[in-house]
């Protein structure tokens, strides 16, 4: 399914259920085994087969020569749990409500995981051993085996298998100093980097700092360690005599791990390696020969339909991707584009949407009032991130490299990825690109409508608006109002003052999300919010907590401290019954307003120990408590 395609995202699904192993063994033997080798946090550009001359990845490069190499493969989200929810269901995370990192909201039972379909066709399905699917339920229960010992060798006689082996050595945390020391002690990586940091070429989107050079060198060693593990898995397959019966996929879960990689919609965050080796006996399953480089666009939403196609199944109604292999392959449209999304990552609330075609990348920010770096405090465990932050704080960076840390951020970004592969030059304000900008602006807005993007209801409003329903069901019951919210979210977050009359009207809407977006619009307009101070002050008495907090933010942006801080201060008073989404909203605003050290102690102590609060809220609160105790 693609951006301009008509899609039914309703509840209809195939409800035919087959006995678990009803498929005859004779037919099973004709089905391919499928092996997924996945790695973490490495963008395509890190590997030798994708053109990196500093890489030492001989086994992956050899696999690439025996495979179809996809030059335009993308994670729809630049972070693991959100990306995996899309892979598992074949549905975009914002359609499911799984776009916020480790939120684990429920989804309807009839939005089925691809594993269930494979098992009904007789497949033995194993996962070794990453889950983190970001939806409610027991992630391990859907597999025949899911542990550090899960292996296809434990399947029944003549039983086809689907197996995932997830390799973590390339994870972002592999650059944390303690992990680097551990990996060196275990001889996972060499004590001294293979590459001389002084000789490394620093990509132009990063500041040339010693820590940046060091992290690049270390990460290349991590990727060589990854390469060895990929080679070992392929060797195991050969030794078991299964290579000619098994279609092998290798891909990474998203980009990273350097600054402006993971958690960002730039290609450094979402463009991934994808290699697919198809044995000769299954040659008809592929659109081209092994050893071919193919430039069609594919993304994670396509993986589940592709798996099912390889097993002979058509794409279920609720899945939103297209099969790119197998008998049910669907050729991409000429004007194909990939839908990208980024929302709350850990404790940092935010919302960005993107559209990537073969030439242009368009990104739209719906939270431009927030700095773009970092998108999670966790990132600052990487030395290059921390060094960049220190350089900015000391005024030692150029304006180009300071911009990521400052606010407001540009609402729109447009990059010509062919002329500017590192996405340095934002063309959104260039009159020469007005036509491609407008075309992609409209396509992205339509994609948000088509895919029932649930982020037009901010997470801080889920508890008040969605209630006990699943987000999927709620959004499907609100199709007309969802379209209105998409239109208004775009209107409210544009720059200029022509939308001021619409913002004033929306402040009186019956829909809390409309009131929220109106206040977001005033926040973005900053001093222009003074045109309606009376309306903003009235909104501080709204019955919905998230709207009151948004009013405090708009007042802070439009008229400085005063009523805004007073409103925020009240929200930290008892009763301490706000939803985790509201707690995140309050903490983010307190941090941006320089109010976090004034958060009342009883509130911090409560949420730091309240199991109903999310892990990120508790950690955020504990960090502030530590600073209070040891300033």
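The values are calculated or read from the model by the stated rules, or taken from the named source; none is laboratory data. Not measured: the values here are computed from a predicted model. All Cβ positions, glycine included, derive from the backbone under ideal geometry; neighbour counts span all protein chains shown.
Is it the case, given these coordinates, that residue 394 is in contact with a helix residue (DSSP H, G or I) (Cβ under 8 Å, 6 or more places away or on another chain) and not assigned by TED's automatic domain parsing to the domain that holds residue 297? So residue 394 fails the test.
The requirement of being surrounded by fewer than 21 Cβ atoms within 10 Å (Cβ to Cβ), under 24 Å from residue 320 (Cα atoms) and under 25 Å from the mean Cα position of the chain (by Cα) is not satisfied by residue 462.
Considering every residue within the stretch 129-151, establish whether at least one is within 30 Å of the chain's Cα centre (by Cα), in the same structural domain as residue 44 (by TED's automatic domain parsing), over 30 Å from residue 245 (Cα atoms) and surrounded by 15 or more Cβ atoms within 10 Å (Cβ to Cβ). Taking every residue of the stretch 129-151 in turn, at least one turns out to be within 30 Å of the chain's Cα centre (by Cα), in the same structural domain as residue 44 (by TED's automatic domain parsing), over 30 Å from residue 245 (Cα atoms) and surrounded by 15 or more Cβ atoms within 10 Å (Cβ to Cβ). The residues listed here are 518, 513, 529, 557; of these, the one that is part of a helix (DSSP H, G or I), modelled with pLDDT of 95 or more and either outside the structural domain of residue 579 (by TED's automatic domain parsing) or within 28 Å of residue 406 (Cβ to Cβ) (or both) is 518. Tell me, please, whether a residue that is in a helix (DSSP H, G or I), out of contact with any helix residue (DSSP H, G or I) (no Cβ under 9 Å at 6 or more places or on another chain), more than 30 Å from residue 494 (Cβ to Cβ) and in the same structural domain as residue 486 (by TED's automatic domain parsing) can be found in the stretch 595-613. For the stretch 595-613, residues in a helix (DSSP H, G or I), out of contact with any helix residue (DSSP H, G or I) (no Cβ under 9 Å at 6 or more places or on another chain), more than 30 Å from residue 494 (Cβ to Cβ) and in the same structural domain as residue 486 (by TED's automatic domain parsing): present. Only one of the numbered conditions (1) in contact (Cβ under 8 Å) with a residue 40 or more places away in the chain; (2) in contact with a helix residue (DSSP H, G or I) (Cβ under 8 Å, 6 or more places away or on another chain) is violated by residue 61, and that is (1). Within the stretch 371-378, one or more residues are outside the structural domain of residue 78 (by TED's automatic domain parsing), part of a helix (DSSP H, G or I) and more than 30 Å from residue 488 (Cβ to Cβ).
With 208, 253 as the choices, which residue is modelled with pLDDT of 95 or more and touching a helix residue (DSSP H, G or I) at 6+ places or on another chain (Cβ under 9 Å)? Exactly one of 208, 253 is modelled with pLDDT of 95 or more and touching a helix residue (DSSP H, G or I) at 6+ places or on another chain (Cβ under 9 Å), namely 253. Among residues of the stretch 378-405 that are free of Cβ contacts under 8 Å to residues at least 60 places away in the same chain, those with a Cβ under 6 angstrom from a residue that is assigned to a helix (DSSP H, G or I) and surrounded by 18 or more Cβ atoms within 10 Å (Cβ to Cβ), sequence gap 6+ or separate chain, pair up as 402/392; 405/392. Residues in the stretch 37-62 that are surrounded by fewer than 24 Cβ atoms within 10 Å (Cβ to Cβ) and assigned to a helix (DSSP H, G or I): 45, 48, 49, 50, 58, 59, 61, 62.
All but one of (1) farther than 30 Å from residue 372 by Cα; (2) in contact (Cβ under 8 Å) with a residue 12 or more places away in the chain; (3) assigned to a helix (DSSP H, G or I) hold for residue 235; which doesn't? So residue 235 meets the others, but not (2). Looking only at the stretch 81-99, residues that are more than 16 Å from residue 36 (Cα to Cα) and within 9 Å of the chain's Cα centre (by Cα) come to 4 in all. Of all residues in the stretch 169-203, those that are under 19 Å from residue 55 (Cβ atoms) and in contact (Cβ under 8 Å) with a residue 24 or more places away in the chain total 17. Against the condition crowded, with 19+ Cβ neighbours inside 10 Å and not in a loop (DSSP other than H, G, I, E, B), how does residue 437 come out, does it pass? The answer is yes for residue 437. Against the list (1) under 30 Å from residue 395 (Cβ atoms); (2) touching a helix residue (DSSP H, G or I) at 6+ places or on another chain (Cβ under 6 Å); (3) in a helix (DSSP H, G or I), the condition residue 219 fails is (2). Looking at residue 402, is it touching a helix residue (DSSP H, G or I) at 6+ places or on another chain (Cβ under 6 Å) and buried (at least 19 other Cβ atoms within 10 Å of the Cβ)? Considered against the rule, which asks whether it is touching a helix residue (DSSP H, G or I) at 6+ places or on another chain (Cβ under 6 Å) and buried (at least 19 other Cβ atoms within 10 Å of the Cβ), residue 402 comes out as no.
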